[in-house]
Amino acid sequence: MREKHKSADNPSPQYNHTLRKKMRNSLQLDPAETESLLAAGTPYVIRIKLEPDEEVTFTDMIRGTVTFNTTGIDDKVLLKADGMPTYHLAVVVDDHLMEITHAFRGEEWLPSAPVHILLWRYLFGEDKMPEWAHLPLILKPDGNGKLSKRDGDRLGFPVFAMNWTDPRTKEPATGFRETGFLPVAFVNLLAVLGWNDGSNQELYTMEELIEKFSMDRVHKGGAKFDFEKAKWFNHEWIKRLPASAYSATVLELFRAQGIDIPEADLPKPIDRGDLPLPVTITTDVAGFPAMDDSELWLSLAAERPAPNRFETILDLVKDRCTLLPDFVQQSAFFFRPPVTIDIDAVKPKWTDGKKLFFVELIRQLELAQTWEGPALETNFKEMAAAAAIKPGELLLPLRVMLVGGKFGPHVFDIAALLGREETVRRIKHSLGLLA
RNA sequence: GCCGCGUUGGUCAAUCGGUUAAGACGCCUCCCUUUCACGGAGGAAUGAGGGGUUCGACUCCCCUACGCGGUACCA
């Protein structure tokens, strides 16, 4: 019926005060005919009836006063032919029953806001209506338009906070959490996408956000999503939080990769019964935001005296980690010998002199009184001087022998954490490969 | 088509009439580091266009352009 009113000029004719007069409906039909149609079970919908040329004005927390003229709005369907309400009816009734005081939604809802305002007026009274805020949209990084799951798939980044499967299409989607984002970082990056407090600050804890966030500084225009910047936020949070804040999560990642961390390396399990109930957390470590419950408890024990090897290692490599899974790549060699050894990085410059040096090194390491990074380094450099080889010529081979490649923290920190036995074993193994 | 909302470097953005137009991400150079990073110091890069108002406009007004959102018995 409505189809015949479509034209090239107006591809989407409105069902409004003008058009409804040309259609078959209860407003045009004889009441008796309507009754008989109803009695015969003819399908029907119920629409809102808008008066022509009426101004609907409301206040939006972000946009201020917004005005629409009813002439430009359809008589929206409220109750569908199957008896189910449309969103328009449902939100209003829902918000009323739930006594909603503030309604936040995306900007795409702005055009239908007047319908909802009118519904409030007709049904419950505008005085009971919630305050409105229509948030700017997050746009796709390239081109224009709002960010969608497809863009994430196409460009290789998550668009949802957590993993979820679309109930309609059954399509799975990877979340920020599963990609390796810290909850604090995610909330932080989202908060400053379309808002800032006027200062140069970019990193905010949850507490600071609660204190400083204000609707009047939320932008009206949408912001393009930049995954590089998103990763930067996560990197910053990984760096500034102690490893104990996320070690439990990282432990799971190691296990998922089939790398088991010995019990002795892990932080001692906390007996929750012994801890007082956390009310307020005050620490000087950047406000120390809570993650989830278990991490909250862990963080409470952050000042625990006994350091554990696992978190010590995590703290040692965290500068190199942008996403949580990076920890596995950056520190797996601490827990099991490197799978591959980049021996080609050493071979071209390998000499008999160096070989002799390492043989002697093994002997000395086995004899060493103590096993600490600085002492190991001093001794190593003295040996290099004695052998008349520049330390730099020997440092890289040692690194490759211990970690398998040209990466990782300070070599002697690694050796210290690896322990005498494992250090010697790895040097011997590589010497074998070089023979 | 119509209605609404927007428009400062590649991106996020400050500025609420007077600044050399901040800062951050990314990019480039250098320093530190005998690995990879972190860190430090620099660099390139911005007011969509046109009219007004004003002593003075990125900032206020109008027009145009462009973008986005909506225009469903989807949300």
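What the table shows:
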quantity: Residue satisfying condition, being away from RNA strand B (no atom under 16 Å from the Cβ), open to solvent by less than 40 Å² (accessible area, probe 1.4 Å) and not β-branched (Val, Ile, Thr), within set A:GLY125, A:GLY106, A:GLY152, A:GLY145; calculated: A:GLY125
quantity: Residues of the range A:339-379 that turn out to be part of a helix (DSSP H, G or I) and touching a residue at least 24 places away in the same chain (Cβ under 8 Å), as a count; calculated: 20
quantity: Selection count, the range A:25-53, where residues are closer than 17 Å to A:TRP120 by Cα and within 13 Å of RNA strand B (Cβ to nearest atom); calculated: 4
quantity: Listing of helices (runs of 4 or more DSSP H) fully contained in the range A:70-163 that carry 2 or more residues being closer than 15 Å to A:LYS49 by Cα; calculated: A:87-97, A:113-123
quantity: Subset of the range A:198-216 that is within 7 Å of RNA strand B (Cβ to nearest atom) and open to solvent by 60 Å² or more (accessible area, probe 1.4 Å) - its residue that is nearest to A:GLY156 (Cα to Cα); calculated: A:GLU202
quantity: Residues of the range A:80-103 classified as closer than 27 Å to A:THR42 by Cα, more than 8 Å from RNA strand B (Cβ to nearest atom) and either surrounded by fewer than 17 Cβ atoms within 10 Å (Cβ to Cβ) or not assigned by TED's automatic domain parsing to the domain that holds A:GLY125 (or both), total; calculated: 2
quantity: Close pairs from the range A:243-271: first of a type in the set (Val, Ile, Thr), partner assigned to a loop (DSSP other than H, G, I, E, B), Cβ under 7 Å, at least 6 apart; calculated: A:THR249/A:LEU324; A:VAL250/A:LEU324; A:ILE259/A:PHE335; A:ILE259/A:ARG336; A:ILE261/A:PHE335
quantity: Of residues in the range A:397-435 being surrounded by fewer than 15 Cβ atoms within 10 Å (Cβ to Cβ) and within 10 Å of RNA strand B (Cβ to nearest atom), the one farthest from A:PHE357 (Cα to Cα); calculated: A:PHE407
quantity: Count - residues of the range A:157-182 that are open to solvent by less than 40 Å² (accessible area, probe 1.4 Å) and out of contact with any Lys or Arg (no Cβ under 6 Å at 6 or more places or on another chain); calculated: 8
quantity: Residue count, the range A:218-263 (criterion: open to solvent by 20 Å² or more (accessible area, probe 1.4 Å), within 11 Å of RNA strand B (Cβ to nearest atom), assigned to a helix (DSSP H, G or I) and under 27 Å from A:LEU155 (Cα atoms)); calculated: 8
quantity: Condition check for A:VAL339: surrounded by 14 or more Cβ atoms within 10 Å (Cβ to Cβ), over 30 Å from the mean Cα position of the chain (by Cα) and at pLDDT below 95; calculated: no
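The values are calculated or read from the model by the stated rules, or taken from the named source; none is laboratory data. Since the model is a prediction, treat every value here as computed from it, not as a measurement. No Cβ is skipped: glycine too gets one built from the backbone with ideal geometry, and neighbour counts run over all protein chains shown. Heads up: the accessible areas ignore ligands, DNA and RNA and are worked out on the full protein's heavy atoms, side chains in. Shrake-Rupley method; radii C 1.70, N 1.55, O 1.52, S 1.80 Å.
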